[in-house]
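**Student:** My questions all concern the structure below.
The values are calculated or read from the model by the stated rules, or taken from the named source; none is laboratory data. Note that the structure is predicted; figures quoted are calculated from it, not measured. Reconstructed Cβ throughout: ideal geometry from the backbone, glycine too, with neighbour counts over all protein chains shown.
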Amino acid sequence: MKNTLYISLFFVLFLTSFSKTEEETISLTIEVTHLRNSEGVVQFALYNKEGSIPDEDYENYYKIGKGEITKKGSRITFKQIPRGKYAVNILHDENRNGKIDKGWIFPTEGIGFSNFNSIGFTNRPSFNKASFEVKGNKTIRVKAIYF
């Protein structure tokens, strides 16, 4: 009887450990629609630290990836990230050079940040303004802004 109890307890703990691992694995999907064309790729940068945005040279990101463009839209999923606070920056990299091309002052390609519908001198992105909580699998949309 005692052995049966120990075996049952072992199986409960064993199975619980697997379900806990699945809960701790989080995926964040980022979608961008309404790009001005289907040229190039969309670069998605994920940030997880205060002060990491703005990041014009892409040096402070937590994870980065590129998504192909289909029908003027793109998406990417960052898998196996921990729960926490994140912010997203996107670049419609029309010439595929991996950097923000600029005119005299403003970017000539589309950029965007989570929680932003417009960007300007009085509405500059920061991690604090662009961040959001991720507690489980989540999908967000980021607007591409063209100047």
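**Student:** Do you know which residues across the stretch 33-44 are of a type in the set (D, E, K, R) and either in contact with a Gly (Cβ under 9 Å, 6 or more places away or on another chain) or part of a strand (DSSP E or B) (or both)?
**Tutor:** Within the stretch 33-44, Arg36 is the sole residue that qualifies.
**Student:** Among the residues that make up the stretch 120-140, is at least one of them surrounded by 13 or more Cβ atoms within 10 Å (Cβ to Cβ) and under 17 Å from Arg75 (Cα atoms)?
**Tutor:** Yes, there is a match, as at least one residue in the stretch 120-140 is surrounded by 13 or more Cβ atoms within 10 Å (Cβ to Cβ) and under 17 Å from Arg75 (Cα atoms).
**Student:** Take the conditions in contact (Cβ under 8 Å) with a residue 40 or more places away in the chain, crowded, with 19+ Cβ neighbours inside 10 Å and on the phi < 0 side of the Ramachandran plot and apply them to Asn89. Does it pass?
**Tutor:** yes
**Student:** Examine the stretch 78-85 for a residue that is within 21 Å of Thr33 (Cβ to Cβ) and either at pLDDT 95 or above or in contact with a strand residue (DSSP E or B) (Cβ under 8 Å, 6 or more places away or on another chain) (or both), and state whether such a residue exists.
**Tutor:** Yes, because at least one residue in the stretch 78-85 is within 21 Å of Thr33 (Cβ to Cβ) and either at pLDDT 95 or above or in contact with a strand residue (DSSP E or B) (Cβ under 8 Å, 6 or more places away or on another chain) (or both).
**Student:** Which pairs turn up if I take residues in the stretch 35-54 that are over 20 Å from Ile119 (Cβ atoms) and look for partners that are β-branched (Val, Ile, Thr) and not in a loop (DSSP other than H, G, I, E, B) with beta carbon separation below 9 Å, at least 6 apart in sequence or on another chain?
**Tutor:** Ser38/Thr70; Asn48/Ile81
**Student:** Looking only at the stretch 83-137, count how many residues are of a type outside the set (Phe, Trp, Tyr) and assigned to a loop (DSSP other than H, G, I, E, B).
**Tutor:** 27
**Student:** Does Ile30 count as touching a residue at least 40 places away in the same chain (Cβ under 8 Å), surrounded by 13 or more Cβ atoms within 10 Å (Cβ to Cβ) and assigned to a strand (DSSP E or B)?
**Tutor:** yes
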